Amino acid sequence: MTTLIKGARVLGGEPADLLLEDGRIAAVGRRLSVTGADVVDADGLVALPGLVDLHTHLREPGREDAETVETGSRAAALGGYTAVHAMANTDPVADTAGVVEQVWRLGRQAGLVDVVPVGAVTVGLRGERLAELGAMADSAARVRVFSDDGHCVADPALMRRALEYVKALDGVVAQHAEEPRLTVGAQMNEGDRSARLGLTGWPAAAEEAVIARDVLLAQHVGARLHVCHVSTAGSVEILRWAKSRGVQVTAEVTPHHLLLTEALAESYDPVFKVNPPLRTDEDVQALRQGLADGTVDAVATDHAPHAVEDKESEWAQARPGMLGLEQALPVVVEALVETGLLDWAGVADRMSVRPAAIGRLDGHGRPVAPGEPANLLLLDPAARAAVDPAALASRSRNSPYAGRELPGRVVATFLRGEATVLDGKAVR
Ligand code: DOR
Ligand code: ZN
């Protein structure tokens, strides 16, 4: 199949035509013409490499009422993603070669993005003994990212052992940094506001203490550590310090932690309940700066679909988590591009290049250039629209952006030259 994209601004540069052929970008140039190609008018659109998410909850197997590999893949494609890492906290947990291969196969069947399974670090996410990391790495799913996300690998000896194993597998431990003893019953960021609202606080130190410990362990072992969803200014400082000392640590920040603050908890609307919690405006500013200067490597969605009965309850009973795939790029445009903190090359780096490198993915995070795999998206940066949860492709509705107007619309997404999204609509 041949597609000719007319007049796209690659990384925001001068308009050029892109010829996609046999899954690759065959040519980039002015006034290309080919007979028999599907033509896509990209006048005014920015072309970026297909986005790569390091942190997606697809909920299959086990909670297909909240999301499936297929519905989550469709949401991802609509968000401009061509690859997503599927978190391991499914039911059963993705802690064996069998389960990660099942998720990987479901991803291939859906065929909308490359679904890359994450393997659990510990059996059943229980934090007691290591899962079969080697078997998952050697499986058809080729797991390289291991995470107990949703839970912290709290035992330092177990964490050390996990780092030693992943080092041998060229893998990485993606840590959900939360000291469980400091967050018993926690509901929101700890501070004056939590005291006033009468909700148990989740102190910044519960995250920062684990990150500080783990960068020291990663340095000691000489292994790669990735920190999930950093949410505090102090975490950014610790990462900056660790990187300056040569520790092999990378980190991600979510769209919601780049845009939203704990003030939203005042509504007691559980759509704003998330783990780690929304923090203060100073934290948001520090996270934006950290992402802009590269201390924080990547934006990762932590897309966490929840069924209505798990989410629309009292705040204290509601599950933590919020949707992210379909609005991640618009949030980054608002928080980082429109504020002048990142240019389009910076967006491509933090949302595609670096996440692909952290996950050791082939064929993703590559430049939009001749000879490269045709994994890319077309964005209309001038479009602005209010988010309508009813219109989302996700099976769940827990978007924290409902009713909020955000800039930037993904017009098209291509996976190996095949359109998965055209005119802002999923092709399948
Ligand atoms: O808010 C969250 N939701 N944080 C997590 O760590 C897990 C996730 C989920 O699985 O719902
Ligand atoms: Zn997490």
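The values are calculated or read from the model by the stated rules, or taken from the named source; none is laboratory data. What you see is a predicted model, and the numbers here were worked out from it, not measured in a lab. Every residue, glycine among them, receives a Cβ derived from its backbone with ideal geometry; neighbour counts consider all protein chains shown. The area values use the complete protein model at the heavy-atom level, side chains included, leaving out ligands, DNA and RNA. Shrake-Rupley method; radii C 1.70, N 1.55, O 1.52, S 1.80 Å.
Identify the single condition in (1) under 20 Å from the mean Cα position of the chain (by Cα); (2) surrounded by fewer than 22 Cβ atoms within 10 Å (Cβ to Cβ); (3) within 15 Å of ligand 1 (Cβ to nearest atom) that T261 does not satisfy, given that it satisfies every other one.
(3)
Show the residue pairs that are 6+ apart or on different chains and have beta-carbon atoms under 8 Å apart, the first residue being within region 117-131 and touching a residue at least 40 places away in the same chain (Cβ under 8 Å) and within 20 Å of T68 (Cα to Cα), the second being open to solvent by less than 20 Å² (accessible area, probe 1.4 Å) and part of a loop (DSSP other than H, G, I, E, B).
V118/M87; V118/A88; V118/A94; V118/V143; V118/S147; V118/D149
Out of all the residues in region 48-95, which are in contact with a Phe, Trp or Tyr (Cβ under 9 Å, 6 or more places away or on another chain), more than 16 Å from ligand 2 (Cβ to nearest atom) and under 21 Å from L392 (Cβ atoms)?
G50, L51, V52, S73, A75, T82
May I ask you to list the residues in region 5-33 that are open to solvent by 60 Å² or more (accessible area, probe 1.4 Å) and not small (G, A, S)?
K6, R9, L11, E14, P15, E21, D22, R24, R30, R31 - these are the residues of region 5-33 that are open to solvent by 60 Å² or more (accessible area, probe 1.4 Å) and not small (G, A, S).
Answer with yes or no whether V153 is within 16 Å of ligand 2 (Cβ to nearest atom), free of Cβ contacts under 8 Å to residues at least 40 places away in the same chain, in contact with a Gly (Cβ under 9 Å, 6 or more places away or on another chain) and more than 18 Å from L225 (Cβ to Cβ).
no
Residue pairs, Cβ under 6 Å, 6 or more apart or interchain, first in region 9-29 and without any contact (Cβ under 8 Å) to a residue 60 or more places away in the chain and outside any loop (DSSP other than H, G, I, E, B), second open to solvent by 50 Å² or more (accessible area, probe 1.4 Å) and of a type in the set (K, R). List them.
P15/R9; D17/K6
Take D114 and tell me if it is over 20 Å from the mean Cα position of the chain (by Cα) and modelled with pLDDT of 95 or more.
Spelling it out, it is not the case that D114 is over 20 Å from the mean Cα position of the chain (by Cα) and modelled with pLDDT of 95 or more.
Condition first: open to solvent by less than 40 Å² (accessible area, probe 1.4 Å) and either on the phi > 0 side of the Ramachandran plot or not in a loop (DSSP other than H, G, I, E, B) (or both). Now tell me which residues in region 151-190 satisfy that.
Those that are open to solvent by less than 40 Å² (accessible area, probe 1.4 Å) and either on the phi > 0 side of the Ramachandran plot or not in a loop (DSSP other than H, G, I, E, B) (or both): L158, M159, A162, L163, V166, V172, V173, A174, Q175, M188, N189.
Quick check on my filter: what residues within region 191-209 are basic (K, R) and either in a loop (DSSP other than H, G, I, E, B) or touching a strand residue (DSSP E or B) at 6+ places or on another chain (Cβ under 8 Å) (or both)?
Within region 191-209, no residue meets the criteria.
Name the one entry in A386, A357, A390, A412 that is without any contact (Cβ under 8 Å) to a residue 24 or more places away in the chain and in a strand (DSSP E or B).
A386
Per-residue answers, yes or no, for (1) within 30 Å of D17 (Cβ to Cβ); (2) within 16 Å of ligand 1 (Cβ to nearest atom):
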residue	(1), (2)
V39	yes, no
P49	yes, no
A75	yes, yes
Q109	no, no
G119	no, yes
V123	no, no
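Look through A348, A316, A335, A292 and report the one residue that is among the hydrophobic types (A, V, I, L, M, F, W, C), more than 16 Å from ligand 2 (Cβ to nearest atom) and part of a loop (DSSP other than H, G, I, E, B).
Testing whether each residue is among the hydrophobic types (A, V, I, L, M, F, W, C), more than 16 Å from ligand 2 (Cβ to nearest atom) and part of a loop (DSSP other than H, G, I, E, B) leaves just A316.
Report, by residue number, each residue of region 210-247 that is polar (S, T, N, Q), surrounded by 19 or more Cβ atoms within 10 Å (Cβ to Cβ) and not in a loop (DSSP other than H, G, I, E, B).
S235, the sole residue that qualifies.
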